[in-house]
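Take a look at the structure set out below.
The values are calculated or read from the model by the stated rules, or taken from the named source; none is laboratory data. This structure is a prediction, so every number in the text was calculated from the model and none was measured. Cβ sites come from the backbone with ideal geometry, for glycine too, and all protein chains shown count toward neighbours.
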Amino acid sequence: MLIPNAPEGFKSGFVALVGRPNVGKSTLLNALVGQKIAITSPTPQTTRNRLQGILTLDQAQIILVDTPGIHKPHHLLGETIVHNAIGAISAVDLVVWVVDSTVALGSGDRFVAEIIAKAKVPAIVGLNKIDGAPSEAILQTYRDFAQGQPWEPLSFSALNDIGLEQLKTALSDRLPLGPYYYPPELVTDQPERFIMAELIREQILLLTREEIPHSVAVTIDKVDEQVKITTVMATIHVERDSQKGILIGKKGAMIKEIGSQARLQMQKLILGSVHLEMFVKVQPKWRSQPSQLQDLGYRKEK
């Protein structure tokens, strides 16, 4: 794919989507690029890696960086996630501080805001979930807080596409003049294998008990592309035998359901048939072992 020359007056740059866990950052990324590239679930801290989505408009190319939810870490994996999220803020042209507008401004939001303020990066306060009919009093707390910084509040619903055109305009208006960074037809810079692994992890988050989600990682071991079907072999890594039992389920029912749902999503990704084989491997305390974290793709960025 070729990268064209940008027309006169074209703008481009990097925009970080930042906020507490579970405020809708990944849903917003998917809605803006018009395609599912980031997994979503009701479970907090779903996003673990910085994921770039590419939104190309007539007069701008916006590189959206979906960061993990900023939270108080409880293990080395958590520390790595938060470290990388904070690092993303100082490396972009603009920040969208995404908040849940149905929930009052809290200490977690203030913590994120302090990080953005220290980075001295231009910011928009993204009042997400406006479709949830938030009270005017709650909305006003965010607006008042934004007045203390040069941050503009914008209301939208990532889930129902309310206010997203205004948000796109606001983002492109605030970016500097620049070139195309990627071919206009691309929507992400992530390889298919990464997204396939995330699609499996999403179904685990959606279908299993609370003790599973934060203790699981997925790796894609092999992708064999044939004319009529693509075979994908994946390993699900957990920390305890009991978690392996939950993932497999009675007579293999759970692993079958996870595979069935993940396969449907993969077929949308590659626009073709998929045969998915999954294996579950126990790796005790992998979230606290630096070497295992690196093997599973989690590294602290400089």
**Message:** With the requirement that a residue be in a helix (DSSP H, G or I), closer than 17 Å to Pro191 by Cβ and either of a type outside the set (A, V, I, L, M) or free of Cβ contacts under 8 Å to residues at least 40 places away in the same chain (or both), what does the stretch 260-276 give you?
**Reply:** Gln265, Lys268
**Prompt:** In the stretch 261-278, is there at least one residue being modelled with pLDDT under 95, over 26 Å from the mean Cα position of the chain (by Cα) and among the basic types (Lys, Arg)?
**Reply:** no
**Request:** Any residue in the stretch 97-114 that's within 17 Å of Lys25 (Cα to Cα): show its pairings with residues that are among the basic types (Lys, Arg) and assigned to a loop (DSSP other than H, G, I, E, B) at Cβ separation under 7 Å, as long as the two are six or more apart or on different chains.
**Result:** Asp100/Lys129; Ser101/Lys129; Thr102/Lys129; Gly108/Arg20; Asp109/Arg20; Val112/Arg20
**Message:** If I filter the stretch 196-218 for residues that are surrounded by 17 or more Cβ atoms within 10 Å (Cβ to Cβ), touching a residue at least 60 places away in the same chain (Cβ under 8 Å), β-branched (Val, Ile, Thr) and assigned by TED's automatic domain parsing to the domain that holds Lys250, do I get at least one hit?
**Reply:** yes
**Item:** Hey, Ala170 in the same structural domain as Val121 (by TED's automatic domain parsing), surrounded by fewer than 19 Cβ atoms within 10 Å (Cβ to Cβ), not aromatic (Phe, Trp, Tyr) and not in a strand (DSSP E or B) or not
**Value:** yes
**Complete:** All conditions in (1) modelled with pLDDT of 90 or more; (2) assigned to a loop (DSSP other than H, G, I, E, B) are true of Gly69 except (1)
**Request:** Considering each residue of the stretch 112-160, count those that are of a type in the set (Val, Ile, Thr), within 16 Å of Leu17 (Cα to Cα) and part of a helix (DSSP H, G or I), and give that number.
**Result:** 3
**Asked** If you check Thr230 against the conditions, is it modelled with pLDDT under 90, over 27 Å from Leu55 (Cβ atoms) and of a type in the set (Ser, Thr, Tyr)?
**Response** no
**Complete:** When restricted to Pro122, Pro150, the only residue exposed (fewer than 13 other Cβ atoms within 10 Å of the Cβ), within 24 Å of Leu64 (Cα to Cα) and either of a type in the set (Val, Ile, Thr) or assigned by TED's automatic domain parsing to the domain that holds Leu64 (or both) is Pro150
